[in-house]
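Just below is one structure, and these are the notes that go with it.
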Amino acid sequence: MLIDYLLCLLSTDKRRYQVVYYTLVGKRTTSNLYAALDYDILKWLQIYPNLSLTQFQAILNKMVEAGWLVCDDHFAWLTPAGDQQKQAIRPTLFWPTHYDGPQMGKLTAFQSRLLLALQITSEYAHHNQRYFPVTISLHERNQVVYWFKQHKQQTDFPQQVQTELRLLLQELTTEQANLLANRLVGHQVTGSSQQQLVQLLGQSPLAIELQTLDGFAQLLTRLRQSPAQFPILGGLVLDKPSRLSQSTAQTWQAIQSGQTVDQISQQRHIKRGTILEHLLEIAILVPQFPFVDYLTHQSELATLFAQDAAVSFQTVQATVPAIDFFEYRLYQIKLKVAGQ
């Protein structure tokens, strides 16, 4: 099944196959984020964090053996037969609609907290203190215990949790709601394993995993958007929705307060080049990025890119000596973002 999805992430155009791999496992370097944007696969950032490079390369080899793919030292591209297979298989696959990779970094932690919180609430409602809790990290477990102590004295606490959960599940498709409900653990209820769900639904493990992931992504997004509507379960969302890494977010906050690149560099004791890298990341991930403030040679760049959409930095610099690579890359990002 994984071979089908990877086939759909490749193209008849040459793509650096390491970019595809790094995107799936969640590598967030600026160069990888830009390449993922260029390949239109940024949405899938960190969707398969446990994929090993050996497994990934083995699948590429299978596609080559099947006559679907050609690889050299750095690039891979689909053959006509591979593209035909891609067009045939793509409509048959489940594609997540709520998963948004750049801001899903905390999704796994949220999923763990939610499962344990629902289990604790269920056992509490039945006055049972002897049970094996869902296994999650000690940090996340402590967060759930704190959440439970905050809310357990509220009137009809278990019933309120049940009401909020029902509202959330009602917003999912019937298939996804049933899938997530089957994963829940509670009083005298043991959640179904992935293998049990595979046998029950007759789908592949990867299809089950992606549907589950997308379901939890929808719940997380809903709780972030409407905390007032879900005052209890909303307390399990511990992070603000952000597409940026922590350091880049600090740079973005400083930019919004009116500071310049040099001021930020001096204040944070970070190299100017690092701040520029942050700006490129922000331009890729934040829709409100003020491109005009940093593109001092926009008219010249527009002319050169109109003549050749793949014009190299060396060619641009030969025509506009004052331009640097930051502005060249920033303009490329502007074109990609505008074209989405």
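What to note about this one:
- The three principal axes of the Cα atoms in the stretch 223-279 give end-to-end lengths of 44, 18, 15 Å, sorted in falling order.
- Separation between Cα centres of the stretch 43-84 and the stretch 166-185, rounded to whole Å: 33 Å
- Under 16 Å from LYS86, Cα to Cα: lysines that are on another chain or at least 8 residues apart: LYS14, LYS62
- Counting only protein heavy atoms and using a 1.4 Å probe, the accessible area of ASP239 comes to about 40 Å².
- Of the trypsin sites (Lys or Arg not before Pro) found in the stretch 112-188, those in coil by DSSP whose Cβ has at most 14 other Cβ atoms within 10 Å are ARG130, LYS152.
- Label zone at SER245 (point 7 Å along Cα-to-Cβ), backbone N below 11 Å, the stretch 33-74: 33
- Our compactness index for the stretch 261-325, the C-alpha radius of gyration over the empirical 2.2 N^0.38 Å, is 1.29.
- In Å², nearest 10: area of PHE75 left accessible to a 1.4 Å probe: 70 Å²
- Whole-Hz couplings from phi, Karplus 6.51/-1.76/1.60, listed for the stretch 108-116; x for Gly and Pro: 4, 5, 4, 4, 5, 5, 5, 4, 5
- More than 22 Å apart - percent of Cα-Cα pairs taken over the stretch 94-243: 39 percent
- Calculated mean residue ellipticity, 222 nm, the chain: -18000 deg cm²/dmol, from DSSP H runs (n ≥ 4) at -39500 (n - 2.57) each, averaged per residue and rounded to 500.
- Inter-label distance, nm, simple model (7 Å from Cα along the C-beta direction), GLN253/ALA338: 3.2 nm
- GLU175 sits with roughly 120 Å² accessible to a 1.4 Å probe, with DNA, RNA and ligands left out of the calculation.
- Relative frequency of Cα-Cα separations exceeding 22 Å in the stretch 1-96, percent: 22 percent
- Legend: calculated FRET efficiency, ASP293 to GLN229, from the Cβ-Cβ distance at R0 = 30 Å, rounded to 0.05, equals 0.20.
- Rg over Rh, two decimals, the chain (C-alpha only, Kirkwood Rh): 1.03
- Placing R0 at 56 angstrom, the Cβ-Cβ distance between GLN195 and THR274 gives a FRET efficiency of 0.75 after rounding to 0.05.
- In the structure shown, the pairs LYS240/LYS271; LYS149/LYS240; LYS43/LYS334 are assessed against 24 Å; a Cα-Cα span above that value is assigned to LYS240/LYS271.
- Under the convention that each Lys and Arg Cβ holds +1 and each Asp and Glu Cβ holds -1, the size of the dipole of the chain around its Cα centre is about 880 debye.
The values are calculated or read from the model by the stated rules, or taken from the named source; none is laboratory data. All of these numbers come straight from a predicted model, not from anything done at the bench. Neighbour counts are summed over all protein chains in view; Cβ atoms, including those assigned to glycine, are modelled from backbone coordinates with ideal geometry. Note: areas computed on protein heavy atoms with side chains; ligands, DNA, RNA excluded. Shrake-Rupley method; radii C 1.70, N 1.55, O 1.52, S 1.80 Å.
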